[in-house]
Each structure stands twice: as structure tokens, then as C-alpha cells.
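Comments concern the structure below.
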Amino acid sequence: MVDFRLDQSPGPLPGTSELRIAGSITSSNVVLFAEKLEGLAAEGTRLILIGMKEIAHISSAALAELVSLADRLEHLGGGII
């Protein structure tokens, strides 16, 4: 069951994406969330601008996924804002 929505659009510069997250990311859907984040990185996105004002709940596992992705992107010269 998907309890969240991700809206992705190209960012202002090449290699950037804007990602707006809404809803709840829990232990039951964190794998899908991680797969979507990894997909952005695999497509060549190096800097992700994240809007989180519509998040109702985010699990510690989802936060760990964000931190892990931020670390990988940082090693590639990017990151998460």
C-alpha cells in the first residue's frame, strides 16, 4: 500500500531534480520510497531539492534512506537540499 506521493520535476540546473513528498512514509512502504530515490540517482541526478511540507509522517527508516542517498550524492559532487 502506497501512503505517499512523490512529484518530481527537473531542477533549475542540469543534473538536478525537485522532489515534493506528501503523505506518510512508513516501514510498510519505505522500500518503494528508497527505490524511487535510487531511480533518480541512477538517471544521473546529483542534486535533489526536496520539499517536505506536505509530509504527515516519515519513519526513521525513510530518514536513513535520505541520509544514505545524501552521502552517496555528496561523493559524486552533489547532495540533498
For the chain, what % of the accessible area comes from carbon and sulfur atoms, probe 1.4 Å? 58
How far is helix 60-75 tilted, in degrees, relative to the longest principal axis of the Cα atoms in the chain, given as a value from 0 to 90 rounded to the nearest 10? 10
Compute the acute angle (0 to 90°) between the alpha-carbon long axis of helix 30-42 and the principal axis of greatest extent of the alpha-carbon atoms of the chain; round to the nearest 10°. 10
Mean accessible area per residue over the chain (1.4 angstrom probe, all protein chains present, square angstrom) is 58
What number comes out for the charge environment of Lys36, summing +1 per Lys or Arg and -1 per Asp or Glu over other residues with Cβ under 12 Å away? -4
Here are several values of volume of the Cα convex hull per residue in Å³: (i) 95; (ii) 132; (iii) 79. Which one was derived from the coordinates shown? (iii)
What percent antiparallel are the DSSP beta bridges of the chain, to the nearest 5? 40
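The values are calculated or read from the model by the stated rules, or taken from the named source; none is laboratory data. Everything numeric in this text was worked out from a predicted model, so none of it was measured. Quick reminder, even Gly has a Cβ in these numbers, built from the backbone with ideal geometry, and neighbours come from all protein chains shown. The accessibility values were calculated without ligands, DNA or RNA, using every heavy atom of the protein model including side chains. Shrake-Rupley method; radii C 1.70, N 1.55, O 1.52, S 1.80 Å.
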